[in-house]
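Undergrad: The structure that follows is given in the form of structure tokens.
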Amino acid sequence: MLTALCMLLSIMVETVLTYIGSYIMQLFKYLKIMTLSKAFSNRKNDLCQKLRAAQFIKQYLNSKVAILCFFALFHSHSFAANNSAQSNILNKQGLTEKTLPVSEHALTKQDISLMLNRADKLRSSNNAISRQILEKLKKQAFLTLEQRNFLTYLTAIQAGFEGDYSQIELLLTTVIKSEASDLLKYRANYSLINLYTEQERWRDGLKQVETLLNIESNIEQHYRRLALMAVTEFYIQLEQYSLAYKYSLQVIKESTSPRNICIAKQLQVAVKLKSSSPLLKEDEVVDAINACEQINEQIFLGYIRLYQGEMYLNDALTSKAINATLPYIEDIVATNYYPLIGNSYRLIAEIYWQQKQYRKAKNYAFKAQEYFQVDTSLKDKKAIFYLLFQLSELEEDYIQAFEYHKLYDEANSELIKNTQEKHLVFQLVQHNDLANKNKIAQLNKTNTFLKTQHEITLEKEQTIILIVMILVGLLTLGSSWVYNSWLTQQKLRQIANFDSLTGATSRGHFFELAELLLQEQVKFKQDLSCIIFDLDHFKQINDTYGHAIGDKVLTAVATVCQEQLRHQDLLGRLGGEEFAIILPDFNLTMAEDVANRCRIAIHNLDYQSLGLESAITASFGVSDKDISGENLTDLLADADSAMYSSKQHGRNCTVTYR
């Protein structure tokens, strides 16, 4: 008992002494801190001493409140002695003292706002510095709600620059659903359109375009124009070039700032290059380059140079094409924008292939492949895989060539499917949206009724299910036979509708489809034009080189002409070396442009690889329904008459029926 009492007394004495000792130590530390803080604060120009004071306080007093109080005092002092040297260093990096304070922990509300705005401004012209600023801001705990939302938005945009699309939609949607300002929500809305464009999510994109255009908040004109730019780019990728051209003209008309003018001109160059109507002129490209060079917008400048290179390559001007892209590849890589970098490497590889510099072509094709992301354009994948297939075949590495051809086939099949899907989606959304909504409402009512009926007749349905299971076994053999029969019919229809040699529409099917297109254009009072062309001296080719070479020539001609057309245009082989094209929505002048592009493409064919000794030429005749009338026979006859006139004028030319 006595022993226990002594032990208890000993513990109590030890506890009291420990508490008193701890109190004395804390008092000593407090006095030492106050003395040092006063000494350091009197030496206002000694930055190193102030930092040591901060470290000392943090070491001896682990209190966020004390640290914050110290930095509040620290920030209120003048740094006049160090201002000049610091300003020179930061200005070289494109920053200022206000946008990048000395300590990450010393940021005020004003500092953070300035840094956010700076990161926003530099994200395309100097992405590396913009990324550094965002990384610093992510470490800050004391941001206002609007600043936090702005940082979330800029983080989403930066992820897009780096090709990481996995979190962008979630981040932008978070901003839209938050209590952010109307302007920030508006920017998040048009940034979603950019995301859907990159991901080729056409249905979501069309809905987002409708949402954006219906926003009636009082948004600054500058951001309204940026939204129109996003819409323009979306319609370019959707291949709705008339809408894209319409919005690009509106953007250029309303743009006043140098940056907006740069972006608008880049978009219009893209529209003209991809639609080929109206034709892209070289001085327009140079004008766009000058506009973006003045403000050092490297990403948009890189895309314009890419379009310039493609324009030259399309005209077989490979030297000009390589000079338009290769000298600027380091600037393009410095943008850190993966889609642009991969696309540029792809174009350079294709140029070197055309120049028969196969080693360089392979090198740049591999570089392009390194920048492939999950959302890389199917057209780019298809082009690179086909180029690598050709290079492997040239090196007689047939195993690798086979693998690349498999990848090419996959990309090509997916591209065809995607192209069909986006045009179908556009038609459905544009023309059937209201009908679909009414149908959905009716289906909802029907589903409610059926659900009630289902609950009442559940037992009967169970019996029916049992009977159906028995019938399924009996019908399996029959359905297999029906499917095989249908598949055979589809193959026969394919053979009947398309020319087996060239892949163009067969003569009979061409007349059926042409008549339908003409009736539709007449009904809606839209333009429609017709082109007929005939290969010059084709009989001599057959007589001199044989029918096998003649077949190769016909196939190559059909292929290059199809490449000049839109998806809605109709190319048919009327017989022998004679072809016809129907162009809905094109007037006589536009059709003449298409005919000249086809004629030039035929003339630029590599005739030596086809086994010929001279270039292939063709004579073209053009007509339209406004002059020839609304009868298909007259339309074709006038185009045929114009074609024979071109033969009489020396061949390899285009004559328009007027």
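Undergrad: To the nearest 20 Debye, how big is the dipole of the range 597-658 about its Cα centre, given +1 on the beta carbon of each Lys and Arg and -1 on that of each Asp and Glu?
TA: In debye, rounded to 20, the range 597-658 gives about 220.
Undergrad: Tell me, in nm to one decimal, what length is gained between Leu249 and Lys460 on full extension, where the rule is 0.36 nm per residue of separation less the Cα-Cα distance?
TA: Answer, rounded to one decimal: 69.5 nm.
Undergrad: Loop-only trypsin sites (Lys or Arg not before Pro) in the range 328-411, please: DSSP not H, G, I, E or B, and at most 16 other Cβ atoms within 10 Å.
TA: Here the sparse-neighbourhood loop sites are Lys356.
Undergrad: Peptides 324-331, 251-258, 457-464: what's the order by average Cβ count within 10 Å, highest mean first?
TA: 324-331, 251-258, 457-464
Undergrad: Let me ask something else about it. Obtain the nm distance between the two label points defined at Tyr398 and Asp551 by a simple spin-label model: each point lies 7 Å from its Cα along the Cα-to-C-beta direction.
TA: 2.2 nm
Undergrad: Whole-Hz ³J(HN,Hα) for each residue in the range 231-247, computed from phi via Karplus 6.51 cos²θ - 1.76 cosθ + 1.60 with θ = phi - 60°, x for glycine and proline: what do you get?
TA: Once θ is set to phi - 60°, the couplings for the range 231-247 become 5, 4, 4, 4, 5, 4, 5, 7, 6, 9, 6, 5, 5, 4, 5, 4, 6 Hz.
Undergrad: Using only Cα atoms, locate the centre of the range 622-658 and the centre of the range 593-619, then give the distance between them in Å, rounded to an integer.
TA: 20 Å
Undergrad: Sticking with this structure for a sec: With point charges of +1 on the Cβ of Lys and Arg and -1 on the Cβ of Asp and Glu, referenced to the Cα centre of the range 222-318, which listed residue (Ser275, Gln294, Ala244) lies farthest in the positive direction of the dipole?
TA: Ala244
Undergrad: Treating cross-link reach as a plain straight distance, find the aspartates and glutamates whose alpha-carbon is under 13 Å from the alpha-carbon of Lys121, omitting any fewer than eight places away in the same chain.
TA: Glu297
Undergrad: Just want to confirm a number: the relative contact order over the range 138-252, from Cα pairs under 8 angstrom separated by 6+ residues, in percent.
TA: 19 percent
Undergrad: Oh, and also: Where does the range 507-656 land on the Kirkwood hydrodynamic radius, alpha-carbon pairs, in angstrom?
TA: 15.4 Å
Undergrad: How many nm separate the modelled label positions at Arg148 and Glu162, each set 7 Å beyond the Cα in the direction of the Cβ?
TA: Result for the modelled spin labels: 2.2 nm.
Undergrad: Dipole size in debye (nearest 20) for the range 507-656 around its Cα centre, Lys and Arg Cβ +1, Asp and Glu Cβ -1?
TA: 200 debye
Undergrad: List every residue whose amide H lies under 5 Å from the amide H of Phe498, counting only residues 5 or more places away in sequence or on a different chain, with H placed 1.01 Å from N in the peptide plane.
TA: Excluding prolines and chain starts, which carry no amide H, the hits are Ser506.
Undergrad: Still on this structure, I have one more. In bins 5 Å wide, starting from 0, what share of all Cα pairs of the range 567-658 does each bin hold, as a percent?
TA: 3, 13, 22, 27, 19, 9, 5, 2, 1
Undergrad: Let me spell out the model: positive unit charges on the Cβ of Lys and Arg, negative unit charges on the Cβ of Asp and Glu, origin at the Cα centre of the range 254-325. What dipole size does that give, in debye rounded to 20?
TA: For this selection, approximately 140 debye.
Undergrad: Anything over 24 Å Cα to Cα? Flag those among Lys272/Lys367; Lys207/Lys406; Lys272/Lys382, in the order listed.
TA: From the list (Lys272/Lys367; Lys207/Lys406; Lys272/Lys382), the Cα-Cα distance tops 24 Å for Lys272/Lys367; Lys207/Lys406.
Undergrad: As a test question: what accessible area, to the nearest 10 Å², does His423 have when a 1.4 Å probe is rolled over all protein chains in place?
TA: About 20 Å², ignoring ligands and nucleic acids.
Undergrad: Full extension from Gln648 to Asn296: what is 0.36 nm times the residue separation minus their Cα-Cα distance, to one decimal in nm?
TA: 121.4 nm
Undergrad: While we're on this one: How big is the range 612-658 on each of its three principal axes, counting only the C-alpha atoms and giving the largest first in Å?
TA: 43, 18, 12
Undergrad: OK, next. Restricting attention to the range 573-621, which GluC sites (Glu not before Pro) occupy a DSSP loop and are surrounded by at most 14 other Cβ atoms within 10 Å?
TA: Passing both the DSSP loop test and the Cβ count: Glu613.
Undergrad: Distance cut-off 18 Å, Cα to Cα: go down the list Lys246/Lys379; Lys274/Lys379; Lys109/Lys136; Lys523/Lys625; Lys539/Lys647 and report the pairs above it.
TA: Table pairs above 18 Å Cα-Cα are Lys246/Lys379.
Undergrad: Can you tell which of Tyr607, His509, Gln521 lies farthest toward the positive end of the dipole of the range 507-656, using +1 and -1 charges on the Cβ of basic and acidic side chains (Lys, Arg; Asp, Glu)?
TA: So the residue we want is Tyr607.
Undergrad: Related question: How far is the Cα center of the range 257-303 from the Cα center of the range 152-209, in Å?
TA: Centre-to-centre distance over Cα atoms comes out at 24 Å.
Undergrad: Would you mind listing how long the range 253-353 runs along its three principal axes, going by Cα atoms, in whole Å with the largest first?
TA: Principal-axis extents of the Cα atoms in the range 253-353, largest first: 42, 32, 19 Å.
Undergrad: What is the packing order of peptides 525-537, 178-190, 197-209, taking the mean over residues of other C-beta atoms within 10 Å and listing the highest first?
TA: The densest-packed peptide leads the list: 525-537, 197-209, 178-190.
The values are calculated or read from the model by the stated rules, or taken from the named source; none is laboratory data. Fair warning: this is a prediction, and the values are worked out from it, not measured in the lab. Methodologically, a virtual Cβ is constructed for each residue, glycine included, from the backbone with ideal geometry; neighbour enumeration extends over all protein chains shown. Heavy atoms of the whole protein, side chains included, go into the accessibility calculation; ligands, DNA and RNA do not. Shrake-Rupley method; radii C 1.70, N 1.55, O 1.52, S 1.80 Å.
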